[in-house]
Amino acid sequence: MLGDCRLETLRKRRSHKWRLYPGDVLPAFVAEMDFDLAAPIALAVAAAMAIGDCGYGDKGELGDAFAAFAEKRLHWSPDPARVYAIPDVMTGVAEVLHAVTPNGSGVVINPPVYQPFFYRIRQTGRQVVEAPLRRGDDGRYDLDLDAVDRALATEGVAAYLLCNPHNPAGRVWSREQLTTAADLCQRHGALLIVDEIHAPLALSGAEHVPFLSLDHAQSERAVSFTSASKAWNIPGLKCGVAIAGSADMCAVLDERWEALLPGQLGVLGSVAAFADSLPWLDALLAQLDENRGLLARLLAEQLPGVRYVPPEASFLAWLDCRALGLGDDPAAAFLDRGRVALSAGPGFGTQGRGFARLNMGTSPELIAEAVRRMALALA
């Protein structure tokens, strides 16, 4: 189902991942996997193309398809009427911030965190307020809820943007942590926005808890965002999912309908993903479970100076390369000397200096090749 990820085939693709660098560079940076599409998604898009169904996007069956998926896989039964089709998660986040928070207000985030959190918040005219994750002696990250409390108490702060599962740390926050975060937002009168785009990708040993499944009073001022784009590798189809926690939040999304029009092919592909592509997802999760263990073994053998905690979710590996002596941006050295492209750690915040993010959503063979090239950069 996943294909063999042969380089000669992958290099025929024209997405950003395969066109940014010269042909001698192995791309392992942007969060885009190398696997073949799930057959139901490809068929749904092809069928739409065959009849010219490429007009303005309509939610269609997405609410019911996502609700059924959430009940089956996430143990949560959202109201399909509160499920909205949007272009992508970050556009939805930005529009909600525009609608609900004052211009110039602060938005709390937990770095190191997904790079667009920083610049998209600033582009909305809001201010980034950091409550960094706490990193233990074992390299494992955790929410620092005391830091979150202090950040929310900062004058002018109006919202908390929480990433769960966390990118790049790979953590899946517990029910207790989410409840405490909600309590803090309620106490400080802050809007809570939850980015759950990696939710379908919780791996063996971890359980994702959707925030809106908690039945917390903070849901009245909360919106969750997710998508089929990461789990089924269809970001180019342009469709995300917003779930409003209350009628008031529904009104916010309804009012901004024109700015939130999804891609029609994205809606159809997402319905096919949530409704008909669970066997493909299961195959993917099994492969990612294998890949995270393989990466640990390869790094121990070839790059023992790299510290790596296997993620609890998704296909992104956060690598502590500070012991290698490659400076603040080891990804630059890996690219220049090893011809392998990783995501630069400093882009995830100052806490990412000396780190790099590796995309392991590919075949074991290409993971091995990426590590080989990284080791070559040190040689």
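The values are calculated or read from the model by the stated rules, or taken from the named source; none is laboratory data. Quick caveat, the model's predicted, so the values are computed rather than measured. Glycine gets a Cβ as well: all are built from the backbone with ideal geometry, and neighbour counts include every protein chain shown. The accessibility values were calculated without ligands, DNA or RNA, using every heavy atom of the protein model including side chains. Shrake-Rupley method; radii C 1.70, N 1.55, O 1.52, S 1.80 Å.
Below are the figures for this structure:
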{"item": "Approximate spin-label separation Tyr21-Glu301, in nm, with each point projected 7 Å along Cα-to-Cβ", "result": "2.2 nm"}
{"item": "Point-charge dipole on Cβ atoms (K/R +1, D/E -1) for the range 1-133, about Cα centre, debye to 20", "result": "400 debye"}
{"item": "Most positive-pole-ward Cα, Leu299, Ala313, Ala344, against dipole of the range 286-345 from beta carbon charges", "result": "Leu299"}
{"item": "The range 326-379 - Kirkwood radius from inverse mean 1/r over Cα pairs (Å)", "result": "11.2 Å"}
{"item": "Calculated FRET efficiency for the pair Glu369/Glu71, C-beta based, R₀ 35 Å, to 0.05", "result": "0.30"}
{"item": "Alpha-carbon gyration tensor eigenvalues x 5, square-rooted, for the range 1-99, Å", "result": "30, 19, 17"}
{"item": "Within the chain, longest stretch free of exposed GluC sites (Glu not before Pro) [DSSP loop, at most 13 other beta carbons within 10 Å]", "result": "208-379"}
{"item": "Among Phe274, Ala169, Gly245 - extreme Cα towards positive end, dipole of the chain, charges at beta-carbon", "result": "Ala169"}
{"item": "Part-to-part distance (alpha-carbon centres) for the range 181-239 and the range 28-79, which is given in Å", "result": "18 Å"}
{"item": "DSSP H segments from the chain that extend 15 Å or more along their own axis, Cα-based, with Kyte-Doolittle mean of -0.5 or above", "result": "39-50, 62-73, 89-100, 264-276, 278-302, 364-378"}
{"item": "Long-range tail of P(r) for the chain (Cα pairs > 35 Å, %)", "result": "23 percent"}
{"item": "Non-local Lys pairs in the chain, i.e. 8 or more apart or on different chains, that have alpha carbons under 27 Å apart", "result": "10"}
{"item": "Size of electric dipole in the range 323-379: Cβ of Lys, Arg +1 and of Asp, Glu -1, about Cα centre, debye, nearest 20", "result": "40 debye"}
{"item": "Cβ-Cβ FRET estimate between Leu261 and Arg13, R0 fixed at 25 Å, reported to 0.05", "result": "0.45"}
{"item": "Nearest-20 debye value, the chain charge dipole, Cβ charges on Lys, Arg, Asp, Glu", "result": "1160 debye"}
{"item": "Computed E for Asp336/Arg122 - FRET, C-beta separation, R0 30 angstrom, nearest 0.05", "result": "0.50"}
{"item": "Under the Debye formula (equal points on every Cα, no solvent term), log10 I(q)/I(0) of the range 160-295 at q = 0.08, 0.13, 0.20, 0.22 Å⁻¹", "result": "-0.24, -0.62, -1.26, -1.37"}
{"item": "Max mean-square fluctuation residue, GNM over the chain, Cα-Cα springs under 10 Å, options Pro112, Pro87, Pro279", "result": "Pro279"}
{"item": "Residue-normalised accessible area of the chain, expressed per residue, 1.4 Å probe, Å²", "result": "40 Å²"}
{"item": "The range 286-371: Cα Rg divided by the 2.2 N^0.38 Å rule of thumb", "result": "1.01"}
